[in-house]
Structure formats: C-alpha cells, structure tokens
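**Student:** Below is one structure. I have some questions about it.
The values are calculated or read from the model by the stated rules, or taken from the named source; none is laboratory data. Note that this is a predicted model, so its numbers are computed, not measured. Here the Cβ positions follow ideal geometry from the backbone for every residue, glycine too, while neighbour counts run over all protein chains shown. Protein only, heavy atoms only, side chains kept; ligands, DNA and RNA dropped before computing areas. Shrake-Rupley method; radii C 1.70, N 1.55, O 1.52, S 1.80 Å.
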Amino acid sequence: MAISVAGGVRPGKIIEIEHRLYQQLILGKHKASPTLLDDLDLELEADANKLDVEREAILARLMKQIKAKEVFEAVSSQLHETVNNAIDHQLASPELVLAKSEINESQILLLELLLAKNLDATRLRPLISNLSWLCRDLTNMVNSPSFRARRPQSSDVRVTDIKLVMNYIGIENLRTIIPYFCLRNWLPSANAKLLWTTRKLWRYSIVSGIAANALAQLHNTDSALVYSSALLNQLGTSVVLSLSARLFDQTWGAWIREASSSRDKEVYDAVIATEFPAKAVFEQVLSHGHKLNWQLLELLKFEASPLTGLLKELDLTLSYRELSPQAALVARANCYAKVVLLEEMRQIDPQEKRLMFDYYELTEQEVLRLKAQNYRKLDLL
C-alpha cells in the first residue's frame, strides 16, 4: 500500500474487519467444533441441532401460509422488541449488569493473585474451594483419561481433594488453567440457542490467550498478566451474551407457556420459530463489550489492579502506538486471533490480513512464533 497505517488512530477499514469478526461470531452460521478441554455437553449439541431443524421446518411451513406468516412476523417482532427493551434497560447500568452476572469479588481476587511472581497455594486454595464450578472443572480435568496418563501413580484412583488436584496440576499451570475456566464459566452455558456463538467466541478467546502467552514469552515480559488480560478482554462480550440469552429464554419461555395454555397453535408456532435477536445483541456487544471489561472490575473495587488498568487502556486508547508495551502485546495477540478465525471462516482476503498485521506492527519473527503455536489445546507442560 502507498500509505502506511501502522500504529496510528485506527483506520475505518481496520474497524470494519474487527467488527466483521464479531459479526461472524454472533451472526454467522458457521458451526465451530469443540476445543480440547472444552467439554461442552454433547447432548446440548444434539438439542441445538434439533432446535435448528425444528425452527426451520416450522418457519418454512409458516411462510407458505399468508395468514400464518403475518402472525409469525407480528409475534416475532413483538417478542424481539420486548427482549431488546429488557436488554437495553439492564445494559444501561453497569451496576445492574454486575448484579445479574456470574462475576464476583472472589473470582477477580483469584485472578489477581495468579499474577504474583511467587504463587502462594495457601492463599489460592480457599478461594478455589469456595467456587464450586471451578473445583468441579479442575477435578474433572485431573481425572480425565488424558490427564491420568501423566499422573505418576494410582492413575485409576479418582482424585477429589482440591489440595491434591492443585498438586497434580502444578502451581504454575494454575496461572494458565484458572483464567481459562473463569472465562468459560462466564460464557452462556446450557443454552442450545447460543451453542455455536459460544463455541466460536470461546475459540477466539483461546487463540487470543495462547497468542498473547507466546508473544509475552518471546519478549520476556509478564506472561501471566498478558495472557489473563487477553482472555478477560472477552469478559464484557461474554456478560452481554449471557445476560441477553437469559432475558430471551425467560421471555420466550413465558410466551410459549401462554400460547400453549391458550391452545393457540399459530401463536405457539410463531414463538417456537422466533430466533434469538442476534443482530440487536451484536450491536450491544459493539457498544458495551469492551467498556464492561474494566467497568465491572472497578465496581468490584479492583480499580488498582493491573488487569483493570490494562483492559481500560485497551478500550480507551485511540491508537495502537499509544498503548503500553504489555497492552500492545494483547492487541497484537487479538489481531492475530481475529485473522486466524476470519481465515477459517473465509471472511478475510490476503490484502486485509496484511493491513491488520501492518497496523498492529506484527514483525516477521512474531508471526513465525505465532504460526508455530498449537491453538487447539493449552500447553500445561
């Protein structure tokens, strides 16, 4: 290109490419496969496929009947308007978002303690023990067939004591695995309507985290902070999706029950065929996602945390060149992850890829290091 775009205020084309990634994550029909360690319920996947088929069959039938089509359009529009108004109301207040989310002070304190140069297991253990979902995830991982093969002895014995679980994983590996499980817990779960969106966002997050860790090691900087910040950069997006999914399910379920009790088959079919308002939620993600990354942490009294500072910097800094060295590493990792996923979905051309790498000033050495990473699993060895 004749004019360099490196580092300055983000050009409109860069913004368009980055928005395109989120558009594909939330609106795209691409169905991502599960990532290793991401043991998403196979039954949920079957439910999601069944729901897609059922909705499409009903919608095809409704479109053949003029009156039924009118009922569907009226009901679907009203349902979406009701849900979107409820989402608008909750997202207007970060305090309300925090109250409705699954995020609490113990989780963020745990993530902050993981940034310490010398980890103290005695401080980590009670925090982990108080998070039942984290105990479950760590215990399941240690007792999985792939992990048992690495255990020195008694591999057939199921480990349940959290102290032993932590010992098997290794104190340093906790820096990698706990932020991973925290983000997964904040994503919409047990929701068939958002299964594909959740998987794609999860894949993007993991690629970002692994890329950030690789860049931090290449530049001999604090990999714990850079890696955790790369994952937490999807905190706000995860919260917006989870909140929206919950509100949609509540409204959708109430309307289904009402239509069923009134025995109005046309309305019932119209509600069944109504999809999650993905386009409106996509706009909410663009408006609130990155702001909530640091606003929620500040509301939990972690204003002074390096995690909060880095996430705030990534949101509010207008140009790449003004970022601190560690924030710049996260930005470069995010850039690489966006390109990887857009390439997988065939939604970016070579010139656009070059433009992204030029703007975020990815060097040839960095690209070679990033290409060498395995983005299908976390390296815990």
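Listed here are the residues, each with its yes/no results for (1) within 30 Å of Ala327 (Cβ to Cβ); (2) surrounded by fewer than 22 Cβ atoms within 10 Å (Cβ to Cβ); (3) modelled with pLDDT of 95 or more.
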residue: Ile171; (1), (2), (3): yes, yes, no
residue: Arg184; (1), (2), (3): yes, no, no
residue: Arg203; (1), (2), (3): yes, no, no
residue: Val207; (1), (2), (3): yes, no, yes
residue: Leu215; (1), (2), (3): yes, no, yes
residue: Asn220; (1), (2), (3): yes, yes, yes
residue: Val226; (1), (2), (3): yes, no, yes
residue: Trp252; (1), (2), (3): no, yes, no
residue: Glu266; (1), (2), (3): no, yes, no
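**Student:** Can you pull out every residue in the range 355-381 that is touching a residue at least 60 places away in the same chain (Cβ under 8 Å), of a type in the set (D, E, K, R), assigned to a helix (DSSP H, G or I) and open to solvent by 50 Å² or more (accessible area, probe 1.4 Å)?
**Tutor:** Answer for the range 355-381, where residues must be touching a residue at least 60 places away in the same chain (Cβ under 8 Å), of a type in the set (D, E, K, R), assigned to a helix (DSSP H, G or I) and open to solvent by 50 Å² or more (accessible area, probe 1.4 Å): Asp358, Arg369.
**Student:** If only one of Ile177, Ile128, Ile103 is modelled with pLDDT of 90 or more, in a loop (DSSP other than H, G, I, E, B), surrounded by 12 or more Cβ atoms within 10 Å (Cβ to Cβ) and within 26 Å of the chain's Cα centre (by Cα), which one is it?
**Tutor:** Result of the check over Ile177, Ile128, Ile103: Ile103.
**Student:** Would you confirm whether any residue within the range 138-156 is open to solvent by less than 20 Å² (accessible area, probe 1.4 Å), at pLDDT 90 or above, of a type outside the set (Lys, Arg) and part of a loop (DSSP other than H, G, I, E, B)?
**Tutor:** Among the residues of the range 138-156, not one is open to solvent by less than 20 Å² (accessible area, probe 1.4 Å), at pLDDT 90 or above, of a type outside the set (Lys, Arg) and part of a loop (DSSP other than H, G, I, E, B), which makes the answer no.
**Student:** Which condition number does Ala190 fail, the rest of (1) more than 27 Å from Asp120 (Cβ to Cβ); (2) part of a helix (DSSP H, G or I); (3) at pLDDT below 95; (4) not hydroxyl-bearing (Ser, Thr, Tyr) being met?
**Tutor:** (2)
**Student:** Wholly within the range 213-303, which helices (runs of 4 or more DSSP H) include no fewer than the required count, namely at least 3 residues that are small (Gly, Ala, Ser) and touching a residue at least 40 places away in the same chain (Cβ under 8 Å)?
**Tutor:** 223-232, 235-262, 278-299
**Student:** Pairs only if they're at least six apart or on different chains, beta carbon under 8 angstrom, first in the range 129-149 and free of Cβ contacts under 8 Å to residues at least 12 places away in the same chain, second not in a helix (DSSP H, G or I) and not hydrophobic (A, V, I, L, M, F, W, C); list them, first residue then second.
**Tutor:** Cβ pairs passing all conditions: Arg148/Ser155; Arg148/Asp156; Ala149/Ser155.
**Student:** For the range 325-356, what are the residues that are over 23 Å from Leu225 (Cα atoms) and more than 18 Å from the chain's Cα centre (by Cα)?
**Tutor:** Of everything in the range 325-356, those that are over 23 Å from Leu225 (Cα atoms) and more than 18 Å from the chain's Cα centre (by Cα) turn out to be Glu343, Arg346, Gln347, Ile348, Asp349, Pro350, Gln351, Glu352, Lys353, Arg354, Leu355, Met356.
**Student:** Given (1) touching a Gly at 6+ places or on another chain (Cβ under 9 Å); (2) not in a helix (DSSP H, G or I), identify the lone condition not met by Ala337.
**Tutor:** (2)
**Student:** Please state which of the following conditions Leu316 fails to meet, knowing it meets all the rest: (1) open to solvent by less than 20 Å² (accessible area, probe 1.4 Å); (2) without any contact (Cβ under 8 Å) to a residue 12 or more places away in the chain.
**Tutor:** Every listed condition holds for Leu316 apart from (1).
**Student:** Within the range 186-201, can you find the residues that are more than 9 Å from the chain's Cα centre (by Cα), open to solvent by less than 10 Å² (accessible area, probe 1.4 Å) and farther than 24 Å from Ala92 by Cα?
**Tutor:** Answer for the range 186-201, where residues must be more than 9 Å from the chain's Cα centre (by Cα), open to solvent by less than 10 Å² (accessible area, probe 1.4 Å) and farther than 24 Å from Ala92 by Cα: just Leu195.
**Student:** Next up: What number of residues in the range 335-354 are surrounded by 15 or more Cβ atoms within 10 Å (Cβ to Cβ), modelled with pLDDT of 95 or more and farther than 12 Å from Ala214 by Cα?
**Tutor:** Counting residues in the range 335-354 that are surrounded by 15 or more Cβ atoms within 10 Å (Cβ to Cβ), modelled with pLDDT of 95 or more and farther than 12 Å from Ala214 by Cα gives 10.
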